[in-house]
Every structure is written in C-alpha cells, then in structure tokens.
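Have a look at the structure below before the remarks.
The numbers here are math on the coordinates, done by the rules we state, and not lab data. All figures in this text were calculated on a predicted structure; none of them were measured in a lab. Quick reminder, even Gly has a Cβ in these numbers, built from the backbone with ideal geometry, and neighbours come from all protein chains shown.
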Amino acid sequence: MDKFIIHGGAALAGTVRVSGSKNAALPILMASILNGSTSVIKNAPDVWDVDTTLRLLRQLGAQAERGEDGAIRIDTEELNHLEAPYDLVKTMRASVLTLGPLLARFNQAKVSLPGGCAIGARPVDQHLKGMSELGAEIVLAHGYIKARAPRRLRGARIVFDTPTVGGTENVLMAAVLARGITVLQNCAREPEVCDLANALNAMGAKISGIGTTDLIIEGVDELKPLDWSIIPDRIEAGTLIAAAAVTGGDVTLEDCRPEMLTAMVKKVSEMGVLIEETPKGVRVRRPGALKANSLTTGPYPGFPTDMQAQLMALMTVAEGQSTATETIFENRFMHVGELQRMGADIRLEGKTAVVRGVPKLQGASVMATDLRASACLVLAGLVAEDSTEISRIYHLDRGYERLEEKLRDLGAAVERIKE
C-alpha cells in the first residue's frame, strides 16, 4: 500500500483546478443503465471509485471506457447481467445505486448489500422503502437485495423518513421510467442530487422541483443517450480551501462554485480566512492567525459531514477552543486519535469533539481510516513540524484526483512512496 511523506511548514501559493465531483459522477454513471445506447460523461474525476463503477458496469455487460480526451463512454445496449456482486459492492457503497436503474429498465435486479468507508451504519432502508412503494417486490437473502417488478414500476407518493442522498438518487432513477406520476418528499437537496436530476432531464426524463425537498417525476417510456459534464467537486474544493487556510497561504481555485459551499465558506471566513470570488473561481488567503470556531454537521445546505474532519485540522492550530458536532454518522471521529498522535488537544464528548488549539502540531506516523479522515491528516501534515508519514492512503485515492500533485504544484513537500 502506498503512503505519503509530508514535510510541513510551506505556505501554499498558486493556482489549482478543482476536479469533477466524485459524488455526482457515480450516480450519473449508473444512470447510463437506463437507456440501451451510448452515453458520454465528461469531467468525471480519475479516482478509484469511478474506476470501480466502470468495472461494475462492465460486469453487468456494458462497454465502458475513458477516452484520451478524458470523457467516459458507456454503451449499455448489450447489458444483460442483472447482478451487482459482493466483491465489487463491498469496496464502494455507491454500487447500491445500480438497484434503481436495473429495476426500472429490466424489472428485476440483484444487488449486494453495500460496503465503503467504515464511518458508521449507513442503512439502505430508505432505498428499499422507495422501491417497494413503486411496486417492487423486495427480498433480502444471503447478503443480497433481490428486487422484481413483474408489471413495471408504478408512480407513488413517497416520503423519506430522513433526507438521504443515496436513497433520493436511487428512487429517483427508478421513478423516471415508472408508469404515472411519482412524488418524492423530504428529499436530499445536495448539489450532487441536483446534478443527477438535471442529467436525467437531459436524457428525456420529466423531473420538476430540482433543488427543493419535493421532486415530482412524470414517468416516461424510454430515455435517450446522455451527454453530460459533471459539476466541480465541492468537497475537493473545500479541502483545498482548508489547505490554503491551515498553511497561511494564498491560493486561487479554478472551477470552484462557492454557491455550493456556503456553509463551509462561512465557517472558514469566521476563522480569519479571506475568500474572494474571482471570474474563474475563488481566491483564498489567510493574513493572520486562525481563530477558534464551532460547527455542527447537517444535511445540505447545512455544514457537510464530508468536511468535518478537514475543518478539525484547522481547529487544532486555531487560537482558542473549538467544537465539532457530528449529527450524520456515529463513527466519524476516527481521525481524532491520529491527530492526537501529532500533538492535537482534542477531547471527545459523545457526538462532539472539543478542540483546544495548540501552537504547533508535530510530525508523526499516522494511519488513514477513511476517505475524509485521510484528507484531514494530509492537512495536519502540511502544517506540522518535521515530517509526517501517512499510511493506507488508498482511502484518499478513492475520492481525490492526484491530490499530492496538486499540493506539490502549490509548493507543498508531499511525496508518494510505493510499497
């Protein structure tokens, strides 16, 4: 497994481009199942989770390749294998998003229960509730979801018990080919959900209410090929903003949409960081010391759980006492012990981490435990004294496109060591 060696202390400076959104690309790639033709997906990031998705689509019988121009072309005409197996699904929970498209197009599907980052329970009960209310017969057996709709899915009014990104996406993809009208209520409103809905409309779906908690879908008989460009990755953008902030740097992010990062930008600005919109993105500067602040994660447009760990890296060297309260996942403080190894002063009190800033972090050998915890440790390493060794960075490769190269281009001393 590869690892990073980081020599901290450099203030980042320069310009960096934000890659396409991993969390938007995965469901849109799955949506290609819905039509039996060739779709073209542009601006999908070159990360492991996208590679896993392409392998899964091939396993189902599709032809899926990334061309020299970076665009991904997916031909699902000959797709005929309706099972998403455990050996692929266990590495990426987004694989469960094959359930809705397979069920909508073929009236049946068999999908392994998902895996992914070890950040707590992320049940698929809302996915299954939605499919059932659309008329699917669901059986859970031997670690698999078996679904069938012998008389085609039919429209229904579905109220999610809680906003769920994956559940909204999965049921939305199933509903676009269902007979009649479907109303989804208490939907997730994340930009990635909106990008999927807009992409489906580009295929000929009839979805209204995009960006609100209520989506109305008028089912259609078929969809046309998709030609779509993925939105920029707001979590990568937030991570790069945090990198500039923690090092006291001056960085311009191109292809960054600050309107998708309102809660993040607000918190970082309150910590003493200047964030200015530019014609192509944003400029991030930190003229003085970081100030303590507090956050509570929540569904969009609240503070994203995927940025909690990165903001905690800033809190460790901010003046005063900060708090981070996690309301989405019950096990998303796995980075705390590793930060403590680097000299951070953090105390856990249930769902809240109390962080008292220290003058300096010290380099240490640490281990990445999940995707966003990996990014947190990279940020800590950028500002720590001496060198930091981060092992198990395959977690990072799941969702960040060549992050070490982007940081090196900004002046960071980051080296990937292959083992």
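For this structure, a couple of remarks:
- Taking amide H positions as modeled 1.01 Å from N, with prolines and chain starts lacking one, the residues under 5 Å from THR323 and 5 or more places away or on another chain are ASN293, SER294, LEU295, VAL355.
- Residues of type lysines that LYS351 reaches as a straight line, Cα spacing below 20 Å, ignoring anything fewer than 8 places off in the same chain: LYS267
- ALA202-LYS280 pseudo-label distance in nm [points 7 Å out on the Cα-to-Cβ vector]: 2.2
- Under-5 Å amide H pairs with THR252, H placed in peptide plane, nonlocal only: GLY14, THR15, VAL16, VAL284
- Think of each Lys and Arg Cβ as +1 and each Asp and Glu Cβ as -1; about the Cα centre, that makes the dipole of segment 22-229 roughly 620 debye.
- Segment 46-103: GluC sites (Glu not before Pro) in DSSP coil with no more than 12 other Cβ atoms inside 10 Å: GLU68, GLU77, GLU78
- Cα-based shape type of segment 35-122, given that a ≥ b ≥ c are square roots of the gyration tensor eigenvalues and the cut on a/c is 1.5: oblate
- The GluC sites (Glu not before Pro) of segment 204-306 that meet both conditions, a loop assignment by DSSP and at most 14 other Cβ atoms within 10 Å of the site Cβ, are GLU222.
- Rounded Å value of the spacing that divides the Cα centres of segment 5-56 and segment 358-419: 20
- What you get for segment 97-200, charging only the Cβ of Lys and Arg (+1) and of Asp and Glu (-1), is a dipole of about 520 debye around the Cα centre.
- Simple spin-label estimate for SER387 and SER132 gives 5.6 nm between the two label positions (7 Å along the Cα-to-Cβ direction from each Cα).
- Annotation: amide H of GLU385 within the under-5 Å range of LEU361, GLN362, GLY363, sequence separation 5 or more or interchain, hydrogens built in the peptide plane.
- Listed residues THR305, LEU102, GLN126: farthest to the positive end of the dipole of the chain (Cβ charges): GLN126
- More than 22 angstrom apart: percent of Cα pairs within segment 22-229: 41
- The chain: C-alpha gyration tensor shape, a/c 1.5 cut-off, then a/b vs b/c: prolate
- Residue (of LEU226, GLY411, GLY288) at the positive-pole extreme of the chain, dipole from beta-carbon charges: LEU226
- Ellipticity at 222 nm from helices only: DSSP H runs of n ≥ 4 in the chain, each -39500 (n - 2.57), divided by the residue count, give -8500 deg cm²/dmol.
- Residue (of CYS187, LEU396, CYS256) at the positive-pole extreme of the chain, dipole from beta-carbon charges: CYS187
- Counting 0.36 nm for each residue step from GLU270 to LYS42 and taking away their Cα separation leaves a gain of 78.5 nm.
- Shape of segment 111-245, Cα gyration tensor, a/c cut at 1.5: oblate
- Only lysine pairs 8 or more places apart, or on different chains, with alpha-carbon atoms under 21 angstrom apart are counted in segment 22-229, and they number 9.
- Rounded to whole Hz, the Karplus (6.51, -1.76, 1.60) HN-Hα couplings of segment 40-50, x for glycine and proline: 10, 10, 9, 6, 6, x, 8, 10, 4, 5, 5
- Counting only DSSP beta bridges whose two residues both lie in segment 22-229, roughly 75 percent are antiparallel.
- Computed over segment 1-89: relative contact order in percent, which uses C-alpha pairs under 8 Å that are six or more apart: 27
- Formal net charge of residues neighbouring ARG73 (Cβ-Cβ distance under 13 Å; K, R +1; D, E -1): -3
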